[in-house]
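Any read-out appearing in this document is the output of simple, stated calculations on the displayed coordinates, not a laboratory observation. The model shown is predicted, which means the values in this text are computed figures rather than measured ones. Backbone-built Cβ (ideal geometry, glycine too); neighbour counts: all protein chains shown.
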Amino acid sequence: MPESRATVTTEQGLRCLTRLCRHWSHKFQVSFYEQRGEIVFDPARLTLTRFEGGLTAVIKAPDSAALDRLEPVVADHMQRMVADETLQIDWQR
């Protein structure tokens, strides 16, 4: 399964993680732990992991086309969760 990864520097990593999991739990299956969250966009999956000073996002999808669709959606939602800060989100495959 292809994957795309972004490491985002932010002091609001926990806030972003918490808000994204809460937001998407209304539509998708979400698992949320203290420093980690997983959102299932069947068949794709997003894993968010908080670390000191940031957040890592990993999207696993069945193909590159699905990654192309999900990368901007995830980036847009991450930015909205920390509206008072401009995030630099660079996806790596």
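Just order 72-82, 11-21 by mean Cβ neighbour count inside 10 Å, highest at the front, would you? List each step's numbers first, then the result.
Working: 72-82: 16.3, 11-21: 18.6.
Result, highest mean Cβ count within 10 Å first: 11-21, 72-82.
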**OP:** List every residue whose amide H lies under 5 Å from the amide H of Phe41, counting only residues 5 or more places away in sequence or on a different chain, with H placed 1.01 Å from N in the peptide plane.
**Re:** Leu46
Original post:
For Thr7 and Ser64 in the same chain, what is the full-extension length gain: residue separation times 0.36 nm, less their Cα-Cα distance, in nm?
Top reply: 18.6 nm
Original post:
³J(HN,Hα) across the stretch 46-58 via Karplus (A = 6.51, B = -1.76, C = 1.60, θ = phi - 60°), whole Hz, x for Gly/Pro?
Top reply: 10, 10, 10, 10, 8, 9, 4, x, x, 8, 10, 10, 10
Subject >> Karplus-derived HN-Hα couplings along the stretch 62-72 (A = 6.51, B = -1.76, C = 1.60, θ = phi - 60°), whole Hz, x at Gly and Pro >> reply: x, 7, 5, 4, 5, 4, 4, 6, 7, 3, x
Original post:
Which ³J(HN,Hα) values, rounded to whole Hz and listed in residue order, are derived for the stretch 25-37 from phi using the Karplus coefficients 6.51, -1.76 and 1.60 in 6.51 cos²θ - 1.76 cosθ + 1.60 with θ = phi - 60°, glycine and proline given as x?
Top reply: 5, 6, 10, 10, 6, 10, 10, 10, 10, 4, 10, 8, x
